[in-house]
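Q: Here it is: the structure, laid out below.
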Amino acid sequence: MTGATDRGPTDRRELWHGRFSGGPSEALQALNDSLSFDRRLYREDIAGSRAHIGMLLEVGLLDEEEHGVVVAALDQVEAEIDDGSIAFAGGDEDIHTLVERRVTEIAGPAGAKLHTGRSRNDQVATDLRLWTKRSLTDVVGHTLGLQATLLAMAERAGDAYLPGYTHLQQAQPVLLAHHLLAHGWALARDVDRLIDARTRVDVSPLGAGALAGSSLPLDPHRSADALGFESVFDNSLDAVSDRDFVAESLFALSLLGVHLSRIGEELILWASSEFGFVTLDDAFSTGSSMMPQKKNPDIAELARGKAGRLIGHLTGFLATLKGLPLAYNKDLQGDKEPLFDAVDTVRLTLLALDGMLSTLSFDHQAMAAGADSPYAAATDLAEWLVERGTPFRDAHAVVGVLVRRSLAGEAPFADLVRSEADLGPDAAALIAPGASVTRRVTHGAGGPDAVGAQIERFRTRMALDQARV
Ligand code: ARG
């Protein structure tokens with residue numbers, strides 16, 4: 001489909017040509033025309049028209065013959081757009097105008113009945129809802145794909161462990177599987193949010209007309225059923241002006257983008273020489289044009305950066321919506337570019353991150369070395385004292401003093417623990433490499449048994465979500 005922009009003002013014939021004596025200015029056309037981006041809705045637009053004329057037939061506003069002629073014309077237009085052979089005309093300001101104009105050229109007087117009882121206002125809302133429903137489902141599929149990758153990585157990670165962080169300071173050791181699944185659970189909430197948003201997308205506005213319904217005996221339930229919508233609008237003014245579903249989808253996509261950004265940020269840290277926890281596969285990293293030694297985590301950085309763009313789409317569109325009076329206003333045409341771009345951006349980021357994660361390799365030794373700092377077991381030592389009757393606040397202070405003395409250079413931490421009256425050799429054994437992580441045993445904790453149970457819960461949750469898609 002090419003040539004949308006190379007038509008002149010002279011050959012234009014607007015949908016409203018009867019009312020106007022002069023044609024539109026070039027500036028108006030340039031600002032007003034949306035075909036360059038809304039042509040992406042052509043399948044939905046044609047599906048909406050098929051449903052609409054099916055309803056017109058059933059309520060007697062179209063006869064069988066006319067219906068057959070228009071159906072054939074719609075099929076032909078779809079094929080012409082599919083194969084790029086469609087020719088653009090001057091007045092094709094948007095996809096709805098293009099399809100109707102071409103149908104009328106092919107079908108003649110029967111084609112001129114296509115728009116009976118319909119406005120582009122209910123039409124565009126219908127198209128965009130159909131597109132959004134399909135796109136959210138697609139994004140859910142890719143998100144589940146990334147979750148499956150994280151799950152497989154968690155299973156492969158076995159008993160590997162790394163330092164867990166707070167404030168980006170080493171805190172307590174956790175299993176690598178635990179860390180990976182933390183991202184997986186955030187994605188599970190994204191999946192839930194996207195599926196939930198989809199239920200509010202799944203409402204047909206077709207039959208609302210321009211704003212007030214119709215004097216003709218339309219049956220919005222029939223067209224809604226034909227399009228597979230779950231429900232039908234209740235108020236025609238609301239039906240044509242409601243873009244909550246766009247704002248909500250943009251939010252769900254933005255938060256998903258923020259989660260992907262967080263994964264990206266960790267990969268960037270982990271791939272640095274300072275951490276050295278992961279090595280990226282060549283296929284998912286880039287080099288430097290000047291520095292031969294470099295291997296850069298560009299995908300992770302792009303994932304981090306794209307979140308800004310997604311948040312921009314959300315806040316920008318909310319600003320567009322605020323203060324619009326009922327019902328349709330042309331401002332609403334600005335719903336499509338941010339939504340299309342947000343879906344494209346999230347989809348691409350999910351795929352690229354998935355590839356990056358499934359091909360990277362972990363350096364389990366570097367991770368363990370970070371986690372085996374003696375101070376990482378400080379909380380375990382305090383809890384060891386608690387188990388033997390010391391109030392936690394006192395236990396915290398006892399261990400804290402030893403940390404301070406060790407950091408001041410008095411002696412290695414383990415030696416101080418061994419010779420401390422309340423602690424001694426049994427307590428010092430907790431400092432041994434790999435010991436601390438095994439002590440995290442409670443529900444949802446980062447130790448081996450708890451993580452084993454968590455992996456099972458995650459698998460179950462994924463299967464449930466898979467079934468909801
Ligand atoms: N291109 C328009 C949009 O995207 C279609 C609806 C136009 N309606 C109108 N009354 N001008 O919103």
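The values are calculated or read from the model by the stated rules, or taken from the named source; none is laboratory data. In this text, all values refer to a predicted model and were calculated from it rather than measured experimentally. In this analysis, Cβ positions are derived from the backbone assuming ideal geometry, glycine residues included, and neighbour counts consider all displayed protein chains.
Q: Which ones in the stretch 256-313 are assigned to a helix (DSSP H, G or I) and at pLDDT below 95?
A: Applying the first criterion (assigned to a helix (DSSP H, G or I)) to the stretch 256-313 yields 256-271, 282-284, 298-313.
Result: Asp282, Ala283, Phe284.
Q: Hey, another quick one. Working only within the stretch 354-374, note down all residues that are in a loop (DSSP other than H, G, I, E, B) and among the polar types (S, T, N, Q).
A: Selection gives Ser373 alone.
Q: As an exercise: evaluate Val103 against (1) without any contact (Cβ under 8 Å) to a residue 40 or more places away in the chain; (2) closer than 23 Å to Trp131 by Cα and give the number of the one condition it does not meet.
A: Exception for Val103: condition (1).
Q: So, one more: Condition first: buried (at least 23 other Cβ atoms within 10 Å of the Cβ) and more than 16 Å from the ligand (Cβ to nearest atom). Now tell me which residues in the stretch 110-132 satisfy that.
A: None; the set is empty.
Q: While we're looking at this one, here's another question. What number of residues in the stretch 25-47 are more than 12 Å from the ligand (Cβ to nearest atom) and either outside any helix (DSSP H, G or I) or in contact (Cβ under 8 Å) with a residue 12 or more places away in the chain (or both)?
A: Qualifying residue count, the stretch 25-47: 8.
Q: What do you reckon, is Leu339 assigned to a helix (DSSP H, G or I), within 16 Å of the ligand (Cβ to nearest atom) and not polar (S, T, N, Q)? It would help to see each step written out before you state the result.
A: Working: assigned to a helix (DSSP H, G or I): yes; within 16 Å of the ligand (Cβ to nearest atom): yes; not polar (S, T, N, Q): yes.
The answer is yes for Leu339.
Q: Confirm whether Phe251 is crowded, with 16+ Cβ neighbours inside 10 Å, within 16 Å of the ligand (Cβ to nearest atom), in contact (Cβ under 8 Å) with a residue 24 or more places away in the chain and under 18 Å from the mean Cα position of the chain (by Cα).
A: Numbers: crowded, with 16+ Cβ neighbours inside 10 Å: yes; within 16 Å of the ligand (Cβ to nearest atom): no; in contact (Cβ under 8 Å) with a residue 24 or more places away in the chain: yes; under 18 Å from the mean Cα position of the chain (by Cα): yes.
When the stated conditions are applied, Phe251 does not pass them.
Q: Quick one: would you say Arg129 is in contact with a Phe, Trp or Tyr (Cβ under 7 Å, 6 or more places away or on another chain) and closer than 17 Å to Ala226 by Cα?
A: On the way: in contact with a Phe, Trp or Tyr (Cβ under 7 Å, 6 or more places away or on another chain): yes; closer than 17 Å to Ala226 by Cα: yes.
Yes; evaluated as a whole, the condition is true for this residue.
Q: Then there is this: Could you tell me whether any residue of the stretch 182-198 is within 16 Å of the ligand (Cβ to nearest atom), surrounded by fewer than 21 Cβ atoms within 10 Å (Cβ to Cβ) and touching a residue at least 12 places away in the same chain (Cβ under 8 Å)?
A: Restricting attention to the stretch 182-198, the residues satisfying the condition of being within 16 Å of the ligand (Cβ to nearest atom) are none.
No - not one qualifying residue is present in the stretch 182-198.
Q: Just to verify a result, which residue in the stretch 67-98, among those that are within 12 Å of the ligand (Cβ to nearest atom) and not in a loop (DSSP other than H, G, I, E, B), is nearest to Phe20 (Cα to Cα)? Explain how you work it out, then say what you get.
A: Within the stretch 67-98, the first condition is being within 12 Å of the ligand (Cβ to nearest atom), and the residues that meet it are 92-98.
Adding the requirement that they be not in a loop (DSSP other than H, G, I, E, B) leaves 95-98.
Numbers: Ile95: 22, His96: 20, Thr97: 17, Leu98: 20 Å.
For the stretch 67-98, the residue satisfying everything is Thr97.
Q: In the stretch 310-335, how many residues are over 24 Å from the mean Cα position of the chain (by Cα) and touching a residue at least 12 places away in the same chain (Cβ under 8 Å)?
A: First pass over the stretch 310-335, keeping only residues over 24 Å from the mean Cα position of the chain (by Cα): 323-331.
Right, trim to touching a residue at least 12 places away in the same chain (Cβ under 8 Å) and you get 324, 326-330.
The number of residues fulfilling the criteria is 6.
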